[in-house]
Structures are given as C-alpha cells and as structure tokens.
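*Asks:* Got a structure here, written out as structure tokens. Questions coming.
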Amino acid sequence: MERNKMNELAKLIKNPFVVFRLPKLQQRMRWLPDGFYLKLVYRARIGRPLNLNNPKGFNEKLQWLKLYDRNPLYTRLVDKAEVKPWVAERIGWEHVVPTLGVWGSFDEIDFSALPERFVLKCTHDSGGLAICRDRSTFDVAAARRKIERSLANNYFWSGREWPYKDVRPRIIAEEYLDPEGGQADLTDYKVMCFGGQARCEFTCTGRADGDLRVDFFDTEWNPLPFTRHYPNADVPPEVPERLRDMVAMAERLSEGMPFVRVDFYEVAGQYYFGEMTFYPGCGMEEFDPECWDEELGSWIELPELD
C-alpha cells in the first residue's frame, strides 16, 4: 500500500496534471468549455500539451475531430440500437447481431421471455455490459447494479466525445454469440478506417479473464511493431476467415468519414457487426514507440473548417 502511495506521489510530482484524471474531478468540470477541458485531461493522460492549432498525432487529431467534425449522423451511429438498421441497409441484416429487446429501464425487462443465454448492453456508453451464459445462475442483482449505474451516466462528460451527449440511455438485449475453440470470450476484430479506407486492424483478446491484450496488424495481417496502452497477446491471434469481407464492409460503412473504427465478430465462418467508434481510447492512449502516434495521425486528413 505504501509503495502504491509513493508511486502515485511520484506521478503527481512528475506531472501535476494527473489530478485531472480523477473521475470525480472530471464530473465537477462540466462547466469548462470542451477545448479547455480536453487540454487539461490530455496533458494528464498523455503527459504533453495538446496542440489543436496544428495537430499531428493520431491522439491529437482525434481531439480535433471531437471539437470540429460534428456530423449529426454520428449520434445515431454510436447508439447501439439505432445503428443497426443503418448498418443493415448497407451490409445486410445477416451481419447484424439479432436484438431480443430494448427497454428504458431495468424493471421493464421480462427475463422469462429471454433465452437461456443473452447479452445486456446500454445503448449510450462503453462498459455498460452484462453477459448471461446460463439464465439459471445469472446474477440479476449484480447486472441491475451495473446497468443502472451506466444508465445514470452521460458518457459524454468524461472525454467530451460529443456524439454520445444526446443518445437516449436505454438497455438492449442481444443474442449471445458462442466463442469458438473453447475460448472464454469472443475475439474483437477492429478495422481502422481513414477517409473510407482500411489502413490497419487490431484485435482484443483476454477481456473475459481481466487481462486485455491488443494486437495491431496491417491489412495483410502482418503484425505491426507497436503497442497502444495494452500489451500484445502471448500468441498473436490468427487471421480471421472472413477478414477480406470485414475490411470491405468496414470501408463501405466508413465512407465520407475522416476516421472511424468498425468492429466485427466472427463465429462459425460468419461475421457480425459490433459497433462504430470515432475516438478509440478517447484519443488518449499512448503508443510505444511514440512514432506510431504520428504515423497513424498522418493517415487522418482533417476536413476544412467553414
């Protein structure tokens, strides 16, 4: 415990801005203009000033896009319920995870009408998730606490990711997708699209074990030599069978957008859309080595301001 306190003190001395990483303090700074707030939190998270006048890196450009690329369509695209018809129109309903129900409150859910396995999510945030692998042992009380805590939170305020500000908080139940090969959880395949072109992908594994690993690949599935906040997996994930299809569909969905990440799952040779994310890691996750922050940043062409 004492060592942890000393480590935190050392961080504070090295970078006094780290205090702005505290969630409670962030909630009390709602009155600050978005640009000023982002400069404080960026300095706290990344450790250097945020340059909004001439952004170069990937993280800096995501902050710029938060402030100046305010396409109203984005609010629909980050809503986990409302995005589905939009996606289905472009790539087909067969690639959209079936919805079992949408509700405004936890009390509205009729669990007896749900299948033995399902997934509950909040439509307006990241992290409001409860997975039921067996309804007979599902901890409804724990799910209620987690979901209701998320419903009460406006995801916009912590990172000023403006598309989330006006998403109506609801609960969505989705069909449970079975992991393959005895895995505890599905592998996330995340396609990074820049101006409608896929330039790289990354995978998320180990989430169910509380040991998230992230691996980046180029479009030919060659590992890229950097990490972003999370370590690589001990064994790099194998190329998904439907990679070419996922890349093609991600490019279709990302047309006309300076940057967006499009997520998919692959189950039994079929691929399913997951979500669209405009600011991965809130645009505040460090690269190692740092030169890859500027490399990915060079792939984002910022739109002209009116």
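The values are calculated or read from the model by the stated rules, or taken from the named source; none is laboratory data. Everything numeric here is computed off the predicted structure, so don't read it as measured data. So basically every Cβ, Gly included, is an ideal-geometry build from the backbone, and we count neighbours across all protein chains shown.
*Asks:* May I ask you to list the residues in region 126-142 that are free of Cβ contacts under 8 Å to residues at least 40 places away in the same chain and among the charged types (D, E, K, R)?
*Replies:* 134, 135, 139
One line per residue, one yes/no per condition, for (1) in a helix (DSSP H, G or I); (2) under 17 Å from residue 275 (Cβ atoms); (3) not assigned by TED's automatic domain parsing to the domain that holds residue 260:
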| site | (1), (2), (3) |
| --- | --- |
| 163 | yes, yes, no |
| 167 | no, yes, no |
| 172 | no, yes, no |
| 180 | no, no, no |
| 186 | no, yes, no |
| 193 | no, yes, no |
| 200 | no, no, no |
| 204 | no, yes, no |
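*Asks:* Moving on. Might you check whether a residue that is buried (at least 16 other Cβ atoms within 10 Å of the Cβ), part of a loop (DSSP other than H, G, I, E, B), modelled with pLDDT of 95 or more and of a type outside the set (Phe, Trp, Tyr) occurs anywhere in region 256-265?
*Replies:* Yes, the conditions are met somewhere in region 256-265.
*Asks:* Residues in region 128-146: is at least one surrounded by fewer than 19 Cβ atoms within 10 Å (Cβ to Cβ), part of a strand (DSSP E or B), of a type in the set (Gly, Ala, Ser) and at pLDDT 95 or above?
*Replies:* Checked region 128-146: no residue is surrounded by fewer than 19 Cβ atoms within 10 Å (Cβ to Cβ), part of a strand (DSSP E or B), of a type in the set (Gly, Ala, Ser) and at pLDDT 95 or above.
Every residue, every condition in (1) outside any loop (DSSP other than H, G, I, E, B); (2) in contact with a helix residue (DSSP H, G or I) (Cβ under 7 Å, 6 or more places away or on another chain), yes or no:
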site: 43; (1), (2): yes, yes
site: 52; (1), (2): no, yes
site: 84; (1), (2): yes, no
site: 87; (1), (2): yes, yes
site: 112; (1), (2): yes, no
site: 115; (1), (2): no, no
site: 125; (1), (2): no, yes
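*Asks:* Consider only pairs whose beta carbons are under 7 Å apart and that are at least six residues apart or on different chains; among these, list those whose first residue lies in region 34-61 and is within 21 Å of residue 156 (Cβ to Cβ) and whose second residue is among the hydroxyl-bearing types (Ser, Thr, Tyr) and buried (at least 22 other Cβ atoms within 10 Å of the Cβ).
*Replies:* Once the first residue is within 21 Å of residue 156 (Cβ to Cβ) and sits in region 34-61, its partners that are among the hydroxyl-bearing types (Ser, Thr, Tyr) and buried (at least 22 other Cβ atoms within 10 Å of the Cβ) give 50/42.
*Asks:* Evaluate the following for residue 24: is it under 22 Å from the mean Cα position of the chain (by Cα) and modelled with pLDDT of 95 or more?
*Replies:* When the stated conditions are applied, residue 24 does not pass them.
*Asks:* If you go through region 93-106 one residue at a time, do you hit one that is of a type outside the set (A, V, I, L, M), farther than 30 Å from residue 252 by Cβ, assigned to a helix (DSSP H, G or I) and in contact with a strand residue (DSSP E or B) (Cβ under 9 Å, 6 or more places away or on another chain)?
*Replies:* yes
*Asks:* Suppose the filter is within 16 Å of the chain's Cα centre (by Cα), on the phi > 0 side of the Ramachandran plot and not β-branched (Val, Ile, Thr); does residue 127 pass it?
*Replies:* yes
*Asks:* In addition: Can you name the condition, by its number, that residue 232 falls short on among (1) touching a residue at least 24 places away in the same chain (Cβ under 8 Å); (2) touching an Asp or Glu at 6+ places or on another chain (Cβ under 6 Å)?
*Replies:* Unmet for residue 232, out of (1) touching a residue at least 24 places away in the same chain (Cβ under 8 Å); (2) touching an Asp or Glu at 6+ places or on another chain (Cβ under 6 Å): (1).
*Asks:* Let me ask something else about it. Residues that are among the acidic types (Asp, Glu) and modelled with pLDDT of 90 or more: does region 177-186 have at least one?
*Replies:* Taking every residue of region 177-186 in turn, none turns out to be among the acidic types (Asp, Glu) and modelled with pLDDT of 90 or more.
*Asks:* Any residue that is in contact (Cβ under 8 Å) with a residue 40 or more places away in the chain and among the polar types (S, T, N, Q) - is there at least one of those in region 199-209?
*Replies:* Within region 199-209 (the criterion being in contact (Cβ under 8 Å) with a residue 40 or more places away in the chain and among the polar types (S, T, N, Q)), the answer is no, since none of the residues qualifies.
*Asks:* Taking region 279-303, which residues are of a type outside the set (D, E, K, R), part of a loop (DSSP other than H, G, I, E, B) and either in contact with a helix residue (DSSP H, G or I) (Cβ under 6 Å, 6 or more places away or on another chain) or farther than 21 Å from residue 224 by Cα (or both)?
*Replies:* Residues satisfying the conditions are 279, 284, 300, 302, 303.
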